[in-house]
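Participant: Sharing a structure here in structure tokens format.
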Amino acid sequence: MRVLIDRRSRGSDAVSRDDAAPAELYAEERTPWLRANMISTVDGAGTGADGLTGSINNAADHRVFHALRGLADAVLVGAGTAVAEGYRPEDTPVVVVTGRGRVPERLQHPRPGQVLLVTCESAAGLGHARELLGGDHVLVAGQDEVDLARAVAELTDRGMGRLLCEGGPRLLGDLLTVGLVDELCTTIVPQLVGGDQPRIVTSAGMRVPLDLRLLAEEDDTVFARWTVRRDQS
């Protein structure tokens, strides 16, 4: 991976070596740390025409995707994205966020600790989720809707201080709106797909300034690390 801009160190703006490894380029400086990783085409589509990210990603993106998972304590994902993208239990725990309390079918029979669910007290599927995953693996945060700040705090207390959000656009928008995201990692693949595919984030009236920390390229695919600027006044 060829590094074009590297501002990870304070006051630096250096060009790094051409063979940098993703695991080194994406290492966090502190915990807790909540980062999101999203992919899009050059014309801004967050999926291909089939509604899935698998139709737009490539080998370079896969390398970064797996490196980020390897650095995370848990993967945070919305239930809709988990279903659409066919999430399965992995070595890195998957934390599904859902207001309905329903466990996606492919995540219903994990080993203990592989899958957690974040939901709210009024969720229709809360009891069944506890039966499937065990009470210790179902986090109730909020009464009628998921309290994301409370959920992230509880996950951190459980030793999951390095959280990786993989979407979808609604969950990412909600996390950004309440100020929980520290970093956004983006991949731009060399494709144009047209159509009306969703963007990587959806939230009405949102304005979140970002600071570029890293820009790299591999096989015409562009990777960036952006930190969320906290002084938004």
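The values are calculated or read from the model by the stated rules, or taken from the named source; none is laboratory data. None of the values given here were measured: they were computed from a predicted structure. Note that each Cβ is placed from the backbone with ideal geometry, even for glycine, and that neighbours are counted across all protein chains shown. In case anyone asks, the SASA skips ligands and DNA or RNA and just uses the protein heavy atoms, side chains included. Shrake-Rupley method; radii C 1.70, N 1.55, O 1.52, S 1.80 Å.
Participant: Quick one: in segment 140-154, which of the residues that are in contact (Cβ under 8 Å) with a residue 24 or more places away in the chain and out of contact with any Gly (no Cβ under 9 Å at 6 or more places or on another chain) is surrounded by the most Cβ atoms within 10 Å (Cβ to Cβ)?
Facilitator: Of segment 140-154, the ones in contact (Cβ under 8 Å) with a residue 24 or more places away in the chain are 144-149, 151-152.
After this cut, where a residue has to be out of contact with any Gly (no Cβ under 9 Å at 6 or more places or on another chain) as well, the list is 147, 152.
Numbers: ASP147: 17, VAL152: 24.
Per the stated criteria, the residue is VAL152.
Participant: Filtering segment 208-233 down to residues that are more than 21 Å from VAL42 (Cα to Cα) and open to solvent by 40 Å² or more (accessible area, probe 1.4 Å), which residue is modelled with the lowest pLDDT?
Facilitator: Checking each candidate, the answer is SER233.
Participant: Let me ask you something else. Which of the strands (runs of 3 or more DSSP E) contained wholly in segment 1-84 include at least 2 residues that are open to solvent by less than 10 Å² (accessible area, probe 1.4 Å)? If you could, list the steps in order and put the result at the bottom.
Facilitator: Details: elements: 2-6, 33-41, 74-78.
Here the list reads 33-41, 74-78.
Participant: In segment 188-204, what count of residues is obtained for those that are touching a strand residue (DSSP E or B) at 6+ places or on another chain (Cβ under 7 Å) and either on the phi > 0 side of the Ramachandran plot or surrounded by 15 or more Cβ atoms within 10 Å (Cβ to Cβ) (or both)?
Facilitator: 5
Participant: Something else: Looking only at residues that are open to solvent by less than 30 Å² (accessible area, probe 1.4 Å) and of a type in the set (Gly, Ala, Ser) in segment 85-103, which one is farthest from LEU52 (Cα to Cα)? Step through it out loud before you land on a result.
Facilitator: Residues of segment 85-103 that are open to solvent by less than 30 Å² (accessible area, probe 1.4 Å), as a first pass: 86-87, 92-98, 101, 103.
Now drop any that are not of a type in the set (Gly, Ala, Ser), which leaves 86, 101.
Details: GLY86: 10, GLY101: 23 Å.
This residue is GLY101.
Participant: Looking for whichever is outside any loop (DSSP other than H, G, I, E, B) and of a type outside the set (A, V, I, L, M) here; the options are GLU121, GLU90, GLU131. Which one fits? Working first, answer last.
Facilitator: Values: GLU121 fails: outside any loop (DSSP other than H, G, I, E, B); GLU90 fails: outside any loop (DSSP other than H, G, I, E, B).
GLU131 is the lone residue from the list that is outside any loop (DSSP other than H, G, I, E, B) and of a type outside the set (A, V, I, L, M).
Participant: Does HIS137 qualify as being on the phi < 0 side of the Ramachandran plot and surrounded by 17 or more Cβ atoms within 10 Å (Cβ to Cβ)?
Facilitator: Numbers: on the phi < 0 side of the Ramachandran plot: yes; surrounded by 17 or more Cβ atoms within 10 Å (Cβ to Cβ): yes.
Here the answer is yes, as HIS137 does meet what is asked.
Participant: Still on this model: Can you say whether GLY99 is in a loop (DSSP other than H, G, I, E, B), over 17 Å from the mean Cα position of the chain (by Cα) and more than 23 Å from MET160 (Cβ to Cβ), as far as the supplied structure shows? Show your work before the answer.
Facilitator: Numbers: in a loop (DSSP other than H, G, I, E, B): yes; over 17 Å from the mean Cα position of the chain (by Cα): yes; more than 23 Å from MET160 (Cβ to Cβ): no.
Against the criterion (in a loop (DSSP other than H, G, I, E, B), over 17 Å from the mean Cα position of the chain (by Cα) and more than 23 Å from MET160 (Cβ to Cβ)), GLY99 does not qualify.
Participant: Among the candidates ASP157, ASP174, which residue alone is at pLDDT 95 or above and open to solvent by 70 Å² or more (accessible area, probe 1.4 Å)? Even if it seems obvious, please write down each step before you answer.
Facilitator: Working: ASP174 fails: open to solvent by 70 Å² or more (accessible area, probe 1.4 Å).
Criteria check complete, one pass: ASP157.
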